[in-house]
Amino acid sequence: MKKAIIDEFGAKKHLPCVAHTINLVVEKAIDKTQEISKTGVKSGGVPVLLFKVREIVKYFKKSTKACDLLRNSQRVEGKKDGQFLKPVLDVRTRWNSSFYMIERFILLASHFSQVLLTESGKTKDIPDMVTSSELRCIEDICSLLRPIEQLTRELSTEKFVMSSKVMPIIFCTRNEIVKQDPTYAIAKHLKVKIIEELDYRFESLDQSTIQSICTILDPRFKDMHFKNPLSNSKAQDKFVQMMDKDTNFYDQIICSTETNVAVRESKNYDLWGLHRTLEQEHKNKRTHMTTSREELKNYLHQSVIGLNE
C-alpha cells in the first residue's frame, strides 16, 4: 500500500500511519531494554517483567478458584458486586494492551499476592509473585507508558481529519516522557529508548510540507511546535507560493473578462494599450505577493484558540 501511494503520488505526499508508528516505537523500545549476550541471546529488561505479570494474569484467568478468591479479597476490602476488578491479559500485537495489563496488575497487586500466598504449595502451576522492587519498577514503567497510551487513545477517538494535530501531539508526548524521573534502572533504560525511538521515527515530521502547512493553518497550533526554524520558514514560503498561485489564476480570469468587455465597448484604438496592460499586471503581482505574506504574518500573530474550540 505504501509503495502504491508513493508510486502514484510521490514520496512527498505520503503520510505514514501515526498509530502504527507509535506501536513500533513502544515495541522497539521495550525490546531494546534487554541485554544481548555474545551468543546473541536476549535477557532481562522490561520483557522479563511483562512475562512475570502475564503468567500471573494467565493463572487467574484459567483458575476459577483463584478468581473466586480474588473477588473475596476485594469484597473484604469493601467492594460490592459490580465493582470487582478483573485481571487484564495483553495481546502481543497491541502494545497498549500491555499497558492496561500492568495498570490493572498494579491495582490488584496486594490481592494477587494474598491469593498466591494462600494457594502456594497446593498446586504445582502457581506462578511466583513479583517482588516489591519489581512491583515499584512496574509502576515506573506504567508511568512512562501512560503519555503514549493517552496519545494512542486520542488518535483512535478523533472524529475529524487530524493531520494538523500530529506534530503538536507527538512533541507534547515526548515532552511528558522527558519530564518523567524513574527510579529503577530498567525504567530509566526504557525512558531513554522511547525517546530515541520517537526521535528516530518522527525525525522528519516538521519537514513534511503537507504536515507543516496543515499545522500552521490550524488556529490552535499555528507555528508554535516547530523544532526547526528552517522547516517553519520553508513551510510558510510554500504556503505563500500557493496563495499567490491561486490569486494569479483568478486575476487572469478577471483580467481576461475585463479586457474582452473593454474591447467590445471601445470605439477607438489605444496605442498604449499593451503598456497599460503590462503595467497593471506588474502592480497586481507586487500587491498580491505583499498581501499573501502580510496576511499569513497577521494570522500567525493573532492569539491561538483553545484546544476544544
*For the pair residue 185 and residue 97, how long in nm is the line joining their label points, each one 7 Å along Cα→Cβ?*
3.2 nm
*Percent of C-alpha pairs per 10 Å bin, region 33-181, short to long*: 9, 32, 31, 19, 8, 1
*Return one quarter of the surface area of the convex hull spanned by the alpha-carbon atoms of region 44-129, equal to its mean projected area, in nm².*
6.1 nm²
*Over region 66-137, calculate the relative contact order: mean separation of alpha carbon pairs under 8 Å at least 6 apart, over the residue count, as a percent.*
26 percent
*Could you give me the percent of Cα pairs per 10 Å distance bin for region 103-142, shortest bin first, beginning at zero and ending with the bin that holds the maximum distance?*
28, 50, 20, 2
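Coordinate-derived values only; no laboratory data. What you see is a predicted model; the values in this text were computed from it and never measured. Cβ sites come from the backbone with ideal geometry, for glycine too, and all protein chains shown count toward neighbours.
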